[in-house]
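**Student:** I'd like to ask some things about the structure below.
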Amino acid sequence: MMRRLVASPSAGIAAAIAVLGLLSGVLTPYQLTLANNIGLASLTVLGLVLLTGVAGMTSFGQAAFVGVGAYSAAVIATVPAADLPPGLSLLAGWPLGGLLLGLIATMIVAAILGAVTLRLSGHYLPLGTIAWGLSFYYLFGTTELFGGFGGISDIPALRLAGVTFADGRSLYWLIWGAVILAVVVTANLLDSRSGRAIRSLRGGQRMAESMGVDTFSAKMTAFLVAAIFAAIAGWLYAYTQRFVAAAPFGTQAGIDFLFMALIGGVNRVPGAIIGAGVVVVLREWLQDLLPHILGRTGNFETIVFGLAIVVILQKTPTGIAGALARVIPKQFFQSSAPRRATGELPRRYMPLPGEVVLEADSITRRFGGLVANNEVSLSLAAGEILALIGPNGAGKSTLFNQLSAVDRPTSGEIRFLGRQVRGLTARALAAAGLARTFQHVRLVRGMSVLENAAIGAHTRGRKGMLASMLRLDRVEEARLLAEAAHQLARVGLSDQLQTAAGSLPLGQQRLVEIARALASDPCVLLLDEPAAGLRFTEKQALARLLRQLKAEGMAILLVEHDMEFVMGLADRVVVIDFGETIAAGTPEEIRVNPAVIEAYLGGGE
Ligand code: ADP
Ligand code: MG
């Protein structure tokens, strides 16, 4: 196991504080103001890294949450208790009360907006964020309590616990302290069970749900955290500017924040600070420089800025942080190695060998006029390997998706451990002990092999967002990673734990999927073409593993193309062609069955 260059998080924090201290000594007051603007932007952009880069949801509306935080601070700081709405008068003049109000308002707004927009897919989500960005801008500008478009001025200097933050230098420490805290909390979150759930969204919602991840709540977590960071930035902004008006919280600002994230590197935590820094400094510099070059004044920097953005995005689609990551030694970024785990995760009660665990009864699945499955029935018992074979397009994967509740039968019934599968989600089925792999591999490509496998163990952990942010999840997390490492060892990938999953050959990616499925401690394992792309020796190793699992009482349903692989392994074989069962029996019976021979020869296989 390689050592990390940054030995521990606390060493990283100490280094950051040392750098900040050094800078505060050499920066001019003007540069300090700039540094403060960078810090404020970094906080919001950090939320975008989580929301857009990690969770894959593009938001143009983050500036609205900055506004919620800023107006909460300004109203509580300036409006006399008597003029505040009832219930808020208690908070009047109390800065932390403004923060409290801002956070509560943000969470309420984010929960409502999230409930409405997070279920939108594709381009509708970004469009939805533009819509709320616009509405909030007008809401801020037209509300009497907020001073209309004129805004709220004369915000007094911030006083916290007897300390006054009136000048750039004291605010510098406050703002950058908040940035460090937010970076630590975000890094902790990403390196945890809840963070993996958010990161698993990148592997596709269907995959994540099949691993037991509640994808809506994973999205909501990212959304709330991003909104809270923005609101805290807004609160600090109000006390930095001492003046709040609607203009900086519109969609234009939302777009700016997104650009900062893209330029800095939208899927990396340092990208937030780099992006904010580059954009803020570049804008100042261009505002000074361009009138000199062009001989007249105007908003030329916007144009140059736009062009610069296009160039940077073309040269480094992963942003500056992505480019740096390619030149800085890899160990520097290595995610945490599996710690020695104390104790193990709880195991599931396994059905007795021979007990029927999964039953499909006359399943029919129509896609429009196409009948992909027609009255197919099968049953699978614990300690058995059942192979489902048939030519391409026969309907194997379709049946498979229905068995794992990813898809619903048009008619027919499926029972898992005696329960009706109709009405259960893929997530519930995963928690109940059914694990699957995908014919078209669904891994989070940029994430390590170890963490990909650990997604499978999601249902075996309990710790949530807050516990992970505060690092109260370490014992459980070590067990989850140890379980993932153990299952990866079983499929022969022990020496690839820290490799990015997407850089493995396809055959090995399938093995990662099997390890991920096993990490859920399933009693039923559904494998869709697991041997495709494997070399001969790898196939033999996989066959050995499946036999061993079977001996341990696992029920295995195997969809396969490779006849030799199946025939040597399966206890029973079901053959389907054009969606219908054409034969069922032992491998010996199937091998000589005329209908099967006809289907395979006739089907061009
Ligand atoms: P197999 O896995 O046996 O190769 P599939 O189950 O993937 O076959 O496909 C069976 C048939 O159903 C094919 O003709 C395929 O085009 C069709 N099919 C599968 N999924 C869908 C879908 N979501 N919509 C429409 N047709 C589909
Ligand atoms: Mg298929």
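**Student:** Which of rounded, prolate or oblate describes the chain when judged by the alpha-carbon gyration tensor and an a/c cut-off of 1.5?
**Tutor:** Values: a/c = 2.34, a/b = 2.15, b/c = 1.09.
Verdict is prolate for the chain.
**Student:** What do you get for Rg/Rh of the range 1-135 when both radii come from the Cα atoms and Rh is the Kirkwood radius?
**Tutor:** 1.07
**Student:** May I pose another question? Classify the range 176-239: rounded, prolate or oblate, from the alpha-carbon gyration tensor (a ≥ b ≥ c, eigenvalue square roots; a/c under 1.5 rounded; otherwise prolate if a/b is larger than b/c)?
**Tutor:** Working: a/c = 4.22, a/b = 2.24, b/c = 1.89.
Here the range 176-239 falls in the prolate category.
**Student:** Ok, one more. Let me make sure I get this right: for the range 8-250, a, b and c are the square roots of the gyration tensor eigenvalues over alpha carbons, sorted descending. Under 1.5 in a/c it's rounded, otherwise prolate if a/b > b/c, else oblate. Which is it? Before the final figure, lay out the partial values.
**Tutor:** Values: a/c = 2.03, a/b = 1.23, b/c = 1.65.
Taking the square roots of the gyration eigenvalues as a ≥ b ≥ c, the range 8-250 is oblate.
**Student:** Can you find, among T425, N188, L171, the residue sitting farthest towards the positive end of the charge dipole of the chain, where Lys and Arg contribute +1 and Asp and Glu -1 at Cβ?
**Tutor:** Positive-end residue among those listed: L171.
**Student:** Could I ask something else about it? Round to the nearest 0.05 the FRET efficiency obtained for T425 and R535 when R0 = 22 Å and r is the Cβ-Cβ distance.
**Tutor:** On the way: r = 37 Å, r/R0 = 1.67.
According to the calculation, E is roughly 0.05.
**Student:** Continuing with the same structure: Given Cα positions, please report Rg to Rh for the range 148-259, the hydrodynamic radius being the Kirkwood one.
**Tutor:** Details: Rg = 18.3 Å, Rh = 16.7 Å.
Using only Cα positions, Rg/Rh for the range 148-259 is 1.10.
**Student:** Still on this model: Taking N as the number of residues in the range 213-312, what is its alpha-carbon radius of gyration divided by 2.2 N^0.38 Å?
**Tutor:** Values: Rg = 16.4 Å, N = 100, 2.2 N^0.38 = 12.7 Å.
The value comes to 1.30.
**Student:** First measure r as the distance between the Cβ atoms of E344 and T302, then evaluate 1/(1 + (r/R0)^6) with R0 = 35 Å and state the FRET efficiency to the nearest 0.05.
**Tutor:** Values: r = 58 Å, r/R0 = 1.66.
So, using R0 = 35 Å, E works out to roughly 0.05.
**Student:** Take every Cα pair under 8 Å in the chain that's 6+ residues apart, average their separations, divide by the length, and report that relative contact order as a whole percent. The partial results should precede the final answer.
**Tutor:** Working: 1128 pairs, mean separation 100.0, N = 605.
Relative CO of the chain lands at 17 percent.
**Student:** Here's a follow-up. What is the P(r) of the range 303-416, as percent of Cα-Cα pairs per 5 Å bin from 0?
**Tutor:** 2, 8, 12, 11, 8, 6, 5, 8, 10, 13, 10, 4, 2, 1, 0
**Student:** Excluding residues fewer than 8 places away in the same chain, name every one of the lysines whose C-alpha is closer than 27 Å to that of K219.
**Tutor:** Leaving aside lysines fewer than 8 places away in the same chain, those within reach of K219 are K463.
**Student:** Mind checking which helices in the chain clear 30 Å along their axis (Cα) and have mean Kyte-Doolittle hydropathy of 0.0 or more, DSSP H runs only?
**Tutor:** Values: long enough: 95-117 (32 Å, 2.14); 168-190 (32 Å, 1.60); 215-241 (39 Å, 1.16); 269-294 (37 Å, 1.29).
Taking the DSSP H segments of the chain (at least 30 Å long, mean hydropathy at least 0.0), we get 95-117, 168-190, 215-241, 269-294.
**Student:** Give me the one-decimal nm value for the distance between modelled label points at A82 and I309, 7 Å along each residue's Cα-to-Cβ direction.
**Tutor:** 4.8
**Student:** List the extent of the Cα atoms of the range 206-261 along each of their three principal axes, largest first, rounded to whole Å.
**Tutor:** Ordered largest first, the range 206-261 gives principal extents of 49, 20, 16 Å.
**Student:** Moving to a separate point now. What GluC sites (Glu not before Pro) does the range 346-410 have in DSSP loop regions with at most 11 other beta carbons within 10 Å? Don't jump to the answer; show the numbers that get you there.
**Tutor:** On the way: sites: E355, E359, E375, E384; in loops: E355, E384.
Counting only loop positions with at most 11 other Cβ atoms within 10 Å, none of the GluC sites (Glu not before Pro) in the range 346-410 qualifies.
**Student:** Note down the nm distance, to one decimal, between modelled labels 7 Å out along Cα→Cβ at A489 and at E413.
**Tutor:** According to this spin-label approximation, the distance is 4.4 nm.
**Student:** Restricting the count to DSSP beta bridges whose residues both fall in the chain, what percent are antiparallel, rounded to a multiple of 5?
**Tutor:** On the way: 25 of 41 bridges.
So the antiparallel bridges in the chain amount to around 60 percent.
**Student:** Also, quick follow-up: What do the square roots of 5 times the Cα gyration tensor eigenvalues come to for the range 442-521, in whole Å, largest first, as semi-axes of the equivalent ellipsoid? Walk me through the intermediate numbers first.
**Tutor:** Details: eigenvalues 101, 31, 21 Å².
Each semi-axis is √(5λ); the values are 23, 13, 10 Å.
**Student:** R0 = 60 Å: FRET efficiency of R591 with F216, Cβ-based, nearest 0.05?
**Tutor:** Values: r = 47 Å, r/R0 = 0.79.
Efficiency computed from Cβ-Cβ geometry: 0.80.
**Student:** Given only helices, namely DSSP H runs of n ≥ 4 each adding -39500 (n - 2.57), what is the per-residue ellipticity at 222 nm of the chain, to the nearest 500 deg cm²/dmol?
**Tutor:** On the way: 23 runs with 318 residues, N = 605.
Computed ellipticity for the chain at 222 nm equals -17000 deg cm²/dmol.
**Student:** What Kirkwood hydrodynamic radius, in Å, does the range 379-534 give when the mean of 1/r is taken over all pairs of distinct Cα atoms and then inverted? Numbers along the way, then the final one.
**Tutor:** Details: mean 1/r = 0.0601 Å⁻¹.
It works out to 16.6 Å.
**Student:** Additional query: Counting pairs of Cα atoms in the range 441-488, how many percent are more than 16 Å apart?
**Tutor:** Working: 465 of 1128 pairs.
Roughly 41 percent, once rounded to a whole number.
**Student:** Whole percent per 10 Å bin, from 0 to the bin with the longest distance: what is P(r) over all C-alpha pairs of the range 16-88?
**Tutor:** 15, 29, 28, 23, 4
The numbers here are math on the coordinates, done by the rules we state, and not lab data. Predicted model only: the values in this text are computed from it and were never measured. Cβ sites come from the backbone with ideal geometry, for glycine too, and all protein chains shown count toward neighbours.
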